[in-house]
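S.K.: Quick one: structure below, then a few questions.
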Amino acid sequence: MSVPQYMDKRNHPLPDVPYHRDLSADEKALTEKQKGSWKELSNEEKVALYHIKFCQTYAEMNRPSNEWKTVLGVTFMFLGFTGLILAWQRYYVMPDKPHTLSDEWKAKQLKRMLDMRMNPVEGLATQWDYDKNEWKK
């Protein structure tokens, strides 16, 4: 990075070197003409002089790009691919749910916990009425 380079950046609007280093004969004549009065230059010549020094105007650098569409598209493609991998894993790799997660098993487990009177001080057994065989109200 010791060699000066041309870069169009918003945070560094004045580059180290001009955009065109090797000038054509017309551009050389135009740079000689700029040393005189600028009132004699036409608007087209002023724009041509500007584009010798700079590639883009500051307004062109600030122009919104369509890069967000690419970023959003790649993000959605990544999420879709990830979803396909997860669906494949659920279908082919992961085992079936264990039988202990069924409602029937959970009911039997709750009945066993109540029969064993688990946590009679502060737990589940404190909310069960053993005389009436129903939950306390």
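The values are calculated or read from the model by the stated rules, or taken from the named source; none is laboratory data. Just so it is clear, the model here is predicted, and its values are computed rather than measured. Heads up, the Cβs are rebuilt from the backbone with ideal geometry, glycines too, and the neighbour counts pull from every protein chain shown. What goes into the accessible areas is simple: the full protein's heavy atoms, side chains included, and nothing from ligands, DNA or RNA. Shrake-Rupley method; radii C 1.70, N 1.55, O 1.52, S 1.80 Å.
S.K.: Listed here are the pairs K97/K137; K9/K46; K106/K137; K108/K136; which of them are more than 29 Å apart at the Cα?
M.R.: K97/K137, as the Cα separations exceed 29 Å there.
S.K.: Can you give me the angle between helix 43-53 and the longest principal axis of the chain, using Cα atoms only, in degrees from 0 to 90, rounded to the nearest 10?
M.R.: For helix 43-53, the angle is close to 60 degrees.
S.K.: In square angstrom, what is the accessible area per residue of the chain with a 1.4 angstrom probe?
M.R.: Per residue, the chain has 89 Å² of solvent-accessible surface.
S.K.: Taking the chain as a Gaussian network, Cα atoms linked when under 10 Å apart, which of V17, V74, V121 shows the biggest mean-square fluctuation?
M.R.: Maximum fluctuation in the GNM of the chain, among the listed residues, is at V121.
S.K.: Which percent of the accessible area of the stretch 1-132 is formed by carbon and sulfur heavy atoms (probe 1.4 angstrom)? Display every interim value, and only then the final one.
M.R.: Values: 6800 of 11630 Å².
Here it works out to 58 percent.
S.K.: Once amide H atoms are built 1.01 Å from N in the peptide plane, which residues 5 or more positions from W128, or in another chain, come under 5 Å H to H?
M.R.: Here the answer is K136, since their amide H atoms fall under 5 Å of that of W128.
S.K.: So which trypsin sites (Lys or Arg not before Pro) in the stretch 11-113 end up in coil per DSSP with only 13 or fewer other C-beta atoms within 10 Å?
M.R.: R21, K35
S.K.: Gap in Å between the Cα centre of the stretch 1-68 and the Cα centre of the stretch 95-137?
M.R.: The two parts, judged by their Cα centres, are 81 Å apart.
S.K.: Quick check for me: using +1 on Lys/Arg Cβ and -1 on Asp/Glu Cβ, what's the dipole size of the stretch 97-136 about its Cα centre, in debye to the nearest 20?
M.R.: For this selection, approximately 180 debye.
S.K.: Extent of the chain along each principal axis, from alpha carbon coordinates, in Å, largest to smallest?
M.R.: Computed over the chain, the largest-to-smallest principal extents equal 111, 38, 32 Å.
S.K.: Quick one: Karplus J couplings for the stretch 92-103, per residue in order, coefficients 6.51, -1.76, 1.60, θ = phi - 60°, nearest Hz, x for Gly and Pro?
M.R.: 9, 9, 6, x, 5, 5, x, 5, 6, 8, 6, 5
S.K.: From the backbone phi of the stretch 70-82, what are the Karplus-calculated ³J(HN,Hα) couplings (6.51 cos²θ - 1.76 cosθ + 1.60, θ = phi - 60°) in whole Hz, Gly and Pro given as x?
M.R.: Result, ordered by residue: 5, 4, 5, x, 5, 4, 5, 5, 5, 5, x, 5, 4 Hz.
S.K.: Something else about it: For q = 0.15, 0.17, 0.18, 0.28 Å⁻¹, what log10 I(q)/I(0) does the stretch 97-136 give under the Debye formula with an equal point scatterer on each alpha carbon and no solvent?
M.R.: Normalising to I(0) and taking log10 leaves -0.39, -0.48, -0.53, -0.92.
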